[in-house]
1. Suppose R0 equals 56 Å. What FRET efficiency, 1/(1 + (r/R0)^6) with r the Cβ-Cβ distance, do residue 50 and residue 394 give to the nearest 0.05?
2. Quick check: the angle from helix 350-364's long axis to the longest principal axis of the chain, C-alpha only, nearest 10 degrees?
3. Where the centre of each part is set by its Cα atoms, how far does the stretch 1-25 sit from the stretch 132-166, in angstrom?
4. If eta is 0.890 mPa s and T is 25 °C, what Stokes-Einstein diffusion coefficient results for the chain, Kirkwood Rh from Cα pairs, in µm²/s?
5. For the stretch 5-91, what proportion of DSSP beta bridges, expressed in % and rounded to the nearest 5, is antiparallel?
6. Evaluate E = 1/(1 + (r/R0)^6) for residue 355 and residue 272, where r is the Cβ-Cβ distance and R0 equals 30 Å; express this FRET efficiency to the nearest 0.05.
7. If you count the DSSP beta bridges with both ends in the stretch 335-417, what percent of them are antiparallel, to the nearest 5?
8. Can you tell me the order of 6-13, 256-263 when each peptide is scored by its average per-residue count of other Cβ atoms within 10 angstrom, highest first?
Ligand SMILES: Cc1cc2nc3c(=O)[nH]c(=O)nc-3n(C[C@H](O)[C@H](O)[C@H](O)COP(=O)(O)OP(=O)(O)OC[C@H]3O[C@@H](n4cnc5c(N)ncnc54)[C@H](O)[C@@H]3O)c2cc1C
């Protein structure tokens with residue numbers, strides 16, 4: 001216990017008692033995230049409504065060496081927002097104002113707790129587009145996505161959060177408020193500090209506001225669905241198609257097991273007999289989209305697809321993408337514990353990675369199902385297990401280790417988008433040279449000398 005009655009009194013004074021939770025039942029909801037194998041109880045949960053309150057909370061926490069774990073919506077898949085050291089959970093959900101949408105300069109400034117989908121709905125009214133689309137966008141917050149450097153299917157053509165981040169207002173561990181970056185598209189003024197905080201998983205600073213760049217909404221979109229008889233051919237098809245000069249906005253893979261679970265939960269028109277499907281979206285000017293869609297159809301057939309078709313209308317296209325978005329819930333809903341990984345390799349290594357994942361599953365006798373953002377080499381092999389069965393869980397963890405080893409041997413990385421958090425911290429030493437890990441730790445000390453921000457994450 002690091003939080004005394006006196007500190008609770010002072011926190012109540014900063015935030016007002018309607019923004020402070022202390023009962024065990026209330027705290028329970030903040031003890032987990034979207035992973036199914038981690039939990040940790042906070043001692044208190046706070047809901048700041050402005051940056052000044054965050055600053056005062058951090059100053060108090062720092063003075064008393066109280067751990068602070070920031071939480072957006074808790075949808076991350078790496079254990080990132082779990083308060084494993086107890087202390088304070090600082091939840092940004094009440095900081096949900098869109099401060100500015102500047103349609104002339106194509107920028108926006110939002111508070112950390114704005115939900116990505118709410119933001120996109122506002123942008124759509126002005127025909128504007130913010131591409132990074134983690135498939136949790138119905139709940140995920142802008143602050144959480146900055147902290148995880150999230151991306152999604154649109155990553156293939158448009159990149160991820162870091163490619164849009166121009167500036168931020170952040171609060172350092174000491175409570176100091178800093179304005180970093182600018183509103184300009186270009187900026188080379190000293191080190192790029194917003195970029196350093198982006199992807200730092202709540203360990204360097206609390207992001208209170210972010211300024212990001214926007215794009216005009218594409219004029220047209222078309223979805224193409226390609227059916228394959230085996231998952232390796234589907235993976236190999238991706239690089240064959242992209243190497244022919246077409247640049248789809250999205251190229252997503254779903255395997256047969258996941259297709260079936262999605263269709264059982266909500267029939268959305270996916271072909272249940274397909275061993276794997278690739279889902280593409282083309283976007284841009286009407287004529288270009290129609291030409292590129294036809295080209296993708298042809299290239300898919302050439303790459304071994306048994307059936308390929310363009311979505312007949314917007315409703316069918318929306319259904320396919322809803323199905324894709326349901327992937328993780330279909331997996332988590334059908335296994336007591338799922339280890340959802342996000343290894344990423346250079347795109348031409350995808351078939352080999354898939355081959356190795358299959359062999360690892362067979363060798364360790366565990367079920368591994370796979371979907372992912374195949375277009376940017378980012379697969380989600382998910383190992384179905386049960387944490388309450390130690391023998392099976394050990395085989396599942398061994399499989400995780402072997403999948404990471406395979407990705408690293410193929411010049412890949414152990415996380416393309418979910419971050420390290422708790423889930424992958426024991427593998428970090430295999431994934432980064434020791435000097436680089438030392439550099440990470442030194443940077444952490446500069447930002448957070450007492451180590452109060454999200455302790456226990458990224459490294460052991
Ligand atoms: C169904 C599903 C699909 C997903 N699909 C994708 C996907 O396609 N691509 C992808 O990249 N990710 C995906 N994710 C995971 C993704 O990382 C998170 O959904 C999202 O980035 C986290 O947002 P959040 O608001 O829930 O943050 P949280 O989960 O609350 O927090 C995530 C991390 O950020 C820190 N943090 C939160 N807010 C702040 C802040 N204001 N300042 C500093 N640190 C902060 C937390 O401490 C934690 O370490 C998916 C998750 C789910 C459940």
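Values quoted throughout were computed directly from the atomic coordinates according to the rules given, and no laboratory measurement underlies them. Only a predicted model underlies this, so the values are computations on that prediction, with no experimental measurement involved. All Cβ positions, even for glycine, are placed from backbone atoms using ideal geometry, and neighbour counts span all protein chains on display.
1. On the way: r = 47 Å, r/R0 = 0.84.
With R0 = 56 Å, the Cβ-Cβ based efficiency is 0.75.
2. 80
3. What the calculation gives is 33 Å, centre to centre.
4. Working: Rh = 22.9 Å.
The calculation lands on 107 µm²/s.
5. Values: 2 of 9 bridges.
If we restrict to bridges inside the stretch 5-91, about 20 percent are antiparallel.
6. On the way: r = 24 Å, r/R0 = 0.80.
E(calc), rounded to 0.05, equals 0.80.
7. Numbers: 13 of 14 bridges.
Once the DSSP bridges in the stretch 335-417 are tallied, antiparallel ones form about 95 percent.
8. Values: 6-13: 14.8, 256-263: 20.8.
The peptides rank, most packed first, as 256-263, 6-13.
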